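Let me begin by presenting the structure, written as structure tokens, before commenting on it.
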Amino acid sequence: MSPADRGVNEVTSAGAAGLAPMAPVYLVDLFPGLHTQLMTLLRGLAPTAWGRPTACALWSVKDIAAHLLDGNLRRLSFGRDGLSATPDTPVSSYADLVGYLNRLNAEWTAATRRLSPQVLIELLDFTSGPVHAFFQSLDPHAAALFGVAWAGEEGWENWFDIGREYTERWLHQQQIREAVGAEGLTGRRWLHPTLDIFVRALPFAYQTVKAPRGQSVRIAINGEAGGVWTLVRGQESWRLFAGWEADPAATVSLDPATAWKLFSKSLDRESARRSIRIQGEPRLGEPVLGTLAVMA
């Protein structure tokens, strides 16, 4: 039996169907442990491992570590200290925003290639505590400084912005782990929160998909780190719910590794297509293949 088949069977044998509104997730307390895992990993790397290529195009292990440091410094500067985050070039569309962020990332990565791995480790360790303290200080339901553009709306609350930050830190650490052959953080404690944030990109991915009101699409990610979510077509848009209902118009089943790689642009569309199973109407399952929960 394939992993996709097992995912469907797990859902259909899980008991009575039921949908629940997507609830906020509060991930602040996971940051110190995730950081400890990163420090242990980086401090144990051989000098040659820092130059290994990763799933991030053109970035080495060292480049990803530098990018994580950039994330810490930006959060402290823009969020805690109130430095203006206004772009220095016009940003009037999603594509403009992606282009602007890509330029910032490229400039930072080029500059930090002058830093040694040891300096990067020390700076990451030094900045992690203040970032965690800053996140803890925020009202999780106050308006976030930065929206979550890949979810398609502005005005998100802090809990979602912090959740997005968690997924970025988990994702980049996982990319380093894969590059150096280290064990991944793929148990439920670490990966399920990432998937729970990533799937919130689905309504945006489905925004142009037409369907009768009330029609649904089930997304089943099997395994201990997975879960079951359901998209339901409303009057004007799709809404995401936790749980499942009987007789969806389409069911998309995939394993956790395929899910996180697909949603983070770490897996090309055709490879993903071979790793998932779509039952029911293909037209309603296919948009999952184009879902991104990163800025790309």
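The values are calculated or read from the model by the stated rules, or taken from the named source; none is laboratory data. Model, not experiment: these values are computed from the prediction. Cβ: placed from backbone, ideal geometry, glycine included. Neighbour counts: every protein chain shown. Remember, those area values only see protein heavy atoms, side chains included, never the ligands or the DNA or RNA. Shrake-Rupley method; radii C 1.70, N 1.55, O 1.52, S 1.80 Å.
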Could you give every pair whose Cβ atoms fall below 7 Å, whose first residue belongs to the range 199-220 and is closer than 13 Å to LEU292 by Cβ and in contact (Cβ under 8 Å) with a residue 60 or more places away in the chain, and whose second residue is open to solvent by 30 Å² or more (accessible area, probe 1.4 Å) and of a type in the set (A, V, I, L, M), counting only separations of at least 6 or pairs across chains?
-> ARG200/MET22; ALA201/LEU292
What number of residues within the range 64-113 satisfy the criterion of being surrounded by fewer than 13 Cβ atoms within 10 Å (Cβ to Cβ) and touching a residue at least 60 places away in the same chain (Cβ under 8 Å)?
-> 1
When you go through VAL11, VAL25 one by one, which is the residue that is open to solvent by less than 70 Å² (accessible area, probe 1.4 Å), modelled with pLDDT under 95 and either assigned to a helix (DSSP H, G or I) or more than 30 Å from ARG113 (Cβ to Cβ) (or both)?
-> VAL11
Where ARG218 falls short, out of the listed (1) among the charged types (D, E, K, R); (2) open to solvent by less than 40 Å² (accessible area, probe 1.4 Å); (3) within 29 Å of MET39 (Cβ to Cβ) = (3)
Just one of (1) more than 26 Å from HIS192 (Cα to Cα); (2) assigned to a helix (DSSP H, G or I); (3) modelled with pLDDT of 95 or more; (4) touching a Pro at 6+ places or on another chain (Cβ under 8 Å) trips up LEU45, so point out which.
-> (2)
Every residue from the range 165-198 that is closer than 18 Å to PRO24 by Cβ and free of Cβ contacts under 8 Å to residues at least 40 places away in the same chain = HIS192
Taking the range 143-164 as the region of interest, how many residues are open to solvent by 30 Å² or more (accessible area, probe 1.4 Å), among the aliphatic types (A, V, I, L, M) and within 16 Å of VAL28 (Cβ to Cβ)?
-> 1
Select from the range 117-133 the residues that are under 23 Å from ILE176 (Cα atoms) and open to solvent by 50 Å² or more (accessible area, probe 1.4 Å) and list them in ascending order.
-> GLN118, VAL119, GLU122, LEU123, ASP125, PHE126
Selected residue [outside any loop (DSSP other than H, G, I, E, B), of a type outside the set (A, V, I, L, M) and open to solvent by 20 Å² or more (accessible area, probe 1.4 Å)] from PRO203, PRO193, PRO212, PRO140 | PRO203
Would you check if there is a residue in the range 78-98 being of a type in the set (Ser, Thr, Tyr) and at pLDDT 95 or above?
-> no
Please work out which one of (1) open to solvent by less than 70 Å² (accessible area, probe 1.4 Å); (2) farther than 19 Å from TRP170 by Cα; (3) not polar (S, T, N, Q) is the condition PRO47 fails and give its number.
-> (1)
Extreme residue, nearest to ARG189 (Cα to Cα), among residues of the range 239-288 that are open to solvent by less than 10 Å² (accessible area, probe 1.4 Å) and over 15 Å from the mean Cα position of the chain (by Cα) | LEU254
